[in-house]
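What follows is one structure encoded as structure tokens, with my remarks underneath.
The values are calculated or read from the model by the stated rules, or taken from the named source; none is laboratory data. Bear in mind the structure is a predicted one, so any value in this text is a computation, not a measurement. Counting neighbours? That spans all protein chains shown, and the Cβs are built from the backbone with ideal geometry, glycine included. Quick note on the areas: whole protein, heavy atoms, side chains included, nothing else; ligands and nucleic acids left out. Shrake-Rupley method; radii C 1.70, N 1.55, O 1.52, S 1.80 Å.
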Amino acid sequence: MAKRLWLMKSEPEAYSFDRLVKEGRTIWDGVRNYRARNNLQAMQVGDEAFFYHSVSDKEIVGIVRIVAAGLADPKDDTGTWAAVEIEPVRKLAHPVSLAAIKAEPSLAEVELLKLSRLSVAEIRPDEWKKICAMAGG
DNA sequence: GCCAACGTTGGC
DNA sequence: GCCAACGTTGGC
């Protein structure tokens, strides 16, 4: 199974990338949107994701790796919602801002832009490479 | 099953 | 703080 690439959003005031680095790993739960849940359920161990700070920062700040997939949301009794466990891979040398993504024509189709309220989005490999290049490699 | 009203999220 | 976009709920 080829590795897939994702983007996970969080308000830095709620859960920041720095906090993830400090804690080492975390369960990513609390997603209450079906499309986002479908993305969560499609994740495999070893997949990587951008970590995006919404609202106050509006930039991709780091990369995380999926270390456990297909978990049930521990806060959900009904079995409806999913969760994964993630660990930090690295912080980006240069965060990639929402404005920079919008300004880049090859990134116009990124799910982040098209569905701004989706908390878990998929990133295509070419988009991933482009954003990595913008972050300084 | 449709659609209007409402709530939430997130960019500006 | 405002508003647009989207999802959900509830009346019919």
Quiz item: For A:Ile101, are the conditions met, namely being under 13 Å from the mean Cα position of the chain (by Cα), away from DNA strand C (no atom under 16 Å from the Cβ), buried (at least 21 other Cβ atoms within 10 Å of the Cβ) and on the phi < 0 side of the Ramachandran plot?
Solution: no
Among (1) at pLDDT 90 or above; (2) surrounded by fewer than 17 Cβ atoms within 10 Å (Cβ to Cβ), A:Gly79 falls short only on (1)
task: Please verify whether segment A:60-70 includes one or more residues that are within 16 Å of DNA strand C (Cβ to nearest atom) and in contact with a Leu (Cβ under 8 Å, 6 or more places away or on another chain).
output: no
From the option list A:Ala121, A:Ala82, A:Ala93, A:Ala133, single residue qualifying as of a type in the set (Gly, Ala, Ser), in contact (Cβ under 8 Å) with a residue 60 or more places away in the chain and either within 16 Å of DNA strand B (Cβ to nearest atom) or out of contact with any strand residue (DSSP E or B) (no Cβ under 6 Å at 6 or more places or on another chain) (or both) is A:Ala121
How many residues of segment A:25-41 are away from DNA strand B (no atom under 11 Å from the Cβ) and open to solvent by 30 Å² or more (accessible area, probe 1.4 Å)? The answer is 8
